[in-house]
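Read the structure below first, then the notes.
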Amino acid sequence: MLNKIFAVALVLLLVTSFGIAVQAETVQGGTFRYGMTTNPRGMFNPILYTEIYDGWVIDAVFDGLIEIDAELQPQPNLAESWEISADGLSITFHLNEGVKFHDGVEVTAKDVEYTYLTILHPEYTGVRYGNFRVLDGAEEYKAGETDFVPGIEVLDDYTIRFSTRQTFAPLLVQMNYGILPSHLLADIPVGQLEMADFNADPIGTGPFTFVEFSTGQHVILEANEEYFRGRPNIDTLVFQKVAAHAAPIYLQQNRVDFIEISPEHYPQVDVMDFVDIYVYEALNYSYIAFNLRQDRFADVHVRQALKYGFDRETYVDIILEGFGIVANAPMPQASWAFSDEAVHDYPYKPELASEMLAEAGWTESGDGVLEKDDMRLEFELLVPEGSRTDEQMALLFQQNMADLGVKVNLMFMDFSSTADRIDAREFDMFAMGWSLSVDPDPYGIWHSTVPWNDPGFYNDRSDELIEMGRSETDMETRQELYAEWQQLINRELPYIFLNYAVTIGAANGRVRGLDTDPGPYGPLVGRQLLRSVWLEQ
Amino acid sequence: MWRYLIRRTLFQGVPVLLGFTFLLYLMITVAPGSPVSHLRGIPDLHPGVVAQRQAQLGVDQPFIVQYLRWLGRTLRGDLGRSFDSGRRPVADLIRERMPATILLSLASILLGWGIGIPIGILSARYQYSVFDYAITFFAFVGISIPSFFFGLILLYIFAAQLNVLPAGGFFMAGEARTLMGYFTYLILPALTLGLGTIASIARYMRASLLEVISQDYLRTARAKGLRENMVIYKHALRNALLPILTLIGFLIPTIFSGAVIVENIFAWPGLGSLAVQAVSERNYPVIMGINLMFAVLVFIGSIVADVSYAVADPRIRYD
């Protein structure tokens, strides 16, 4: 399946390089239509939004201090440079001078301070506090004990320093949230900020200015002529709502210039000769989680046997049409922390699986289901509805398990109900996925103290590695720590890892200047879209 | 008549709406799932945020407190704010999406009546002919076929294969709003939504006309030598149409519930697609707002139906 991805990528590379050779002259102008299959919510505020589609719009309207490149490394943006102190406890950012918000007011360190201080405010209604509570004084400020956060320090109009009490490696790449105009927002009580009209008609510094949001239909943006990094090539950027099942038809009718498609649409789109397809690895993976609080799953041999007994190659090759990478640990291949060194790949070996279960003392009962003492390998798998590929995966799992003498009862429920059961820990196994952040720090999902540790995985060495990883500032040392951690999880298997996701982007041939190796966020996210892309007229 | 309307609204409409909203709120709060479950997708979430969010939205309170708060606000004319990350006023969401749903519903009602009535008449006029059997068969299929399936077939034929109609949506950004444009965007969803109406109106029309035709005064009309067309279109049709007109009140709920499905197939920017999203996210204020509005419309529909009886048939009086 990897070969297929590489082949596609190679062909694309040829196609695009040929295209560039024919018409290398960048042309300005035109309307770029970006298809989105879900409505934005109209929360175009970088510190309050939660939906990815609102995020796309925000990316075009706002700038952060830094931006993230294809290798997930920080690059200058509003901040022209930064330095990290020798003890690793503080980062000082130097802002570009003369950058203006769309209303003409200059951006200063005050705006940066406002943006991050608001996240820490006791009445803040968004979800980003967890990313910044490491800042010095943040917890006291959040608790309302003080009005002052020493961890955010404005040194002059163009210099701001963030500091922490302990070293915290993910801090720098988290500094990419769009900077808000404090002159428009500072008078609004923080608790009321989510109700502000600003959120549906935002003003940022970004390459595009906001024009119109039409519920359920589209968002229209226009090129910012004054953009400090140069005006974008395209004049108008439209995010157009499309019906997900009809995505190929929108492409065929030239109604969208770019859209992410699902694997099941690939064959239909592949035959359109005016459409170029881009495949890129995402920072997502899917899994089936065990409930380790149950005695039958406490034995690691049972978990390993079930993983050997599940034909994940068939899942990726057939159900996902080859668009995915069989996963064995919780670090996607797209992450710089990915390591397959000494990571076991658990190929499909049903006989081995049966042997392992027999060795662990499981014997067939009267009805063919494996039993041991008063335990029985019959359990429920919760599957959130809505994705056909997930449903097919669950059916394959059920079939594979039946071959081992393990009875799986499938329970398809809507997402919210599934989440309820997981939160109450009333599950045997469930299938879901994670979309990870830029920094590979697994603390929020895997540390034994966090609520998202759904399997109930408690392992001292794992906690230790996670804690060391987030406080280590040297990237190579972090890579080594995470390599060991991946081996540990790969051995302990609190999840059956299914696949690292890939995203399939389909672009009309008139779109030029797309990055063929865009990194996990795709060729069109953020400023990459806006700098280089142009439309053949 | 006015006294009847006031009585009907006060003693029937208000209690029914109150009971309806109470039951609905009860159902959506006891159903599994929570308005904050989308937070589960955020890996770095601080553990305190979930409880904080529940408190901000008021969903940490018992059902009855939540309902009474909602009711109090609603009676003061405030439908509250959406629970999703957009936090937009429910009234705004409904106002923005209402026109598209009304347009689609009207188009499908027009199609239903404009096509259903003529073929019902012809079907009765030529009872037991090949045409009649064909219509009976069509009506049977039209009533039975699920709209999501019929909609997808239409999409496949007219958008994917013939490439003559858009695959959904309602005008692209910047597209001129021409009459032809309205037609191209409306025709498939309206046909999908209207199919059931066409079929049932045709059947009702046929039955109604046949019943009238068998009556004595028509035998008299024929006996005095009137031509058959005159008998049917002049004397029979007017009486046969009356019961059909009153159907409109009963069709309104069907149209709205159908719109929920059809709008999702065609990415139609109306209330139906909003409703589906709200239900899957347990967005209580949006679910309540949309359903309350539909309930009011259905109630108005049933009053219209009753009044239209009286208007159409002088023997019926409400005073």
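Read-outs throughout are calculated quantities, based only on the coordinates presented, and are distinct from any laboratory measurement. Note that this is a predicted model, so its numbers are computed, not measured. Ideal geometry is used to build each Cβ from the backbone, glycine not excepted, and the neighbour counts take in all protein chains shown.
Per-structure values
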quantity	calculated
Nonlocal amide H pairs with A:Glu67, under 5 Å, H built at 1.01 Å	A:Gln75, A:Asn77
Rounded FRET efficiency, nearest 0.05, which uses the C-beta distance separating A:His344 from A:Thr473 and R0 of 30 Å	0.50
Separation between Cα centres of the range A:315-373 and the range A:466-516, rounded to whole Å	20 Å
Residues A:Asp439, A:Asp87, A:Asp270 arranged by fewest to most Cβ contacts within 10 Å	A:Asp87, A:Asp270, A:Asp439
Ranked A:Leu48, B:Leu218, criterion: other C-beta atoms within 10 Å, fewest first	B:Leu218, A:Leu48
B:Trp268 long-range amide H proximity, modeled H, under 5 Å	B:Gly169
Sites B:Ala207 and A:Asn409, calculated FRET efficiency, Cβ-Cβ separation with R0 45 Å, nearest 0.05	0.40
CD proxy at 222 nm, helix term only [per DSSP H run n ≥ 4: -39500 (n - 2.57); per residue of the protein assembly as shown; nearest 500]	-14000 deg cm²/dmol
Spacing of the two label points (7 Å from each Cα toward its C-beta) at A:Glu225 and A:Asp374, in nm	8.0 nm
Inter-label distance, nm, simple model (7 Å from Cα along the C-beta direction), A:Thr38/B:Ala91	2.9 nm
Integer Hz, Karplus 6.51/-1.76/1.60 couplings in order for the range B:170-186, x for Gly and Pro	8, 6, 7, 4, x, 6, 6, 8, 8, 4, 4, x, 4, 4, 5, 6, 7
Separation between Cα centres of the range A:91-141 and the range A:171-247, rounded to whole Å	17 Å
Residue of B:Ala51, B:Ala100, B:Ala240 that the Gaussian network model of chain B assigns the largest fluctuation, springs spanning Cα pairs under 10 Å	B:Ala51
The range B:94-312 - percent relative contact order, Cα under 8 Å, separation 6 or more	30 percent
Cα gyration tensor shape of chain B, rounded if a/c is under 1.5, else prolate or oblate by comparing a/b with b/c	oblate
Those chymotrypsin sites (Phe, Trp or Tyr not before Pro) in the range A:422-519 that DSSP places in a loop and that have at most 15 other beta carbons within 10 Å	A:Tyr458
DSSP-loop trypsin sites (Lys or Arg not before Pro) across the range B:178-225, with at most 11 other Cβ within 10 angstrom	B:Lys224
For A:Leu381, distant residues with modelled amide H under 5 Å away	A:Asn409, A:Leu410, A:Met411
Residues A:Arg33, B:Arg315, sorted so that the one with the fewest Cβ neighbours within 10 Å comes first	B:Arg315, A:Arg33
Phi to ³J(HN,Hα) by Karplus 6.51 cos²θ - 1.76 cosθ + 1.60 over the range A:464-476, Hz, x for Gly, Pro	4, 4, 4, 5, 5, x, 7, 9, 8, 8, 7, 5, 5
Cα-Cα P(r), the range A:284-501, percent of pairs per 10 Å interval	8, 34, 37, 18, 3, 0
Euclidean distance between Cα centres, the range B:142-212 to the range B:7-44, Å	32 Å
Efficiency of FRET from Cβ geometry, A:Thr31 and A:Lys110, R₀ 41 Å, rounded to 0.05	0.70
Residues in the range B:233-255 reached by a label modelled at B:Leu226 [backbone nitrogen below 18 Å; 7 Å Cα→Cβ]	B:233-243
Relative contact order computed over chain A (Cα-Cα under 8 Å; 6+ residues apart), in percent	21 percent
Inter-label distance for A:Asp187 and B:Phe22, nm, one decimal - labels placed 7 Å from Cα along Cα-to-Cβ	4.6 nm
Volume of the Cα convex hull of the protein assembly as shown, divided per residue and given in Å³	209 Å³
Estimated vicinal HN-Hα couplings, Hz - the range A:86-93 in sequence order (Karplus 6.51, -1.76, 1.60; Gly, Pro = x)	4, 7, x, 8, 9, 10, 10, 9
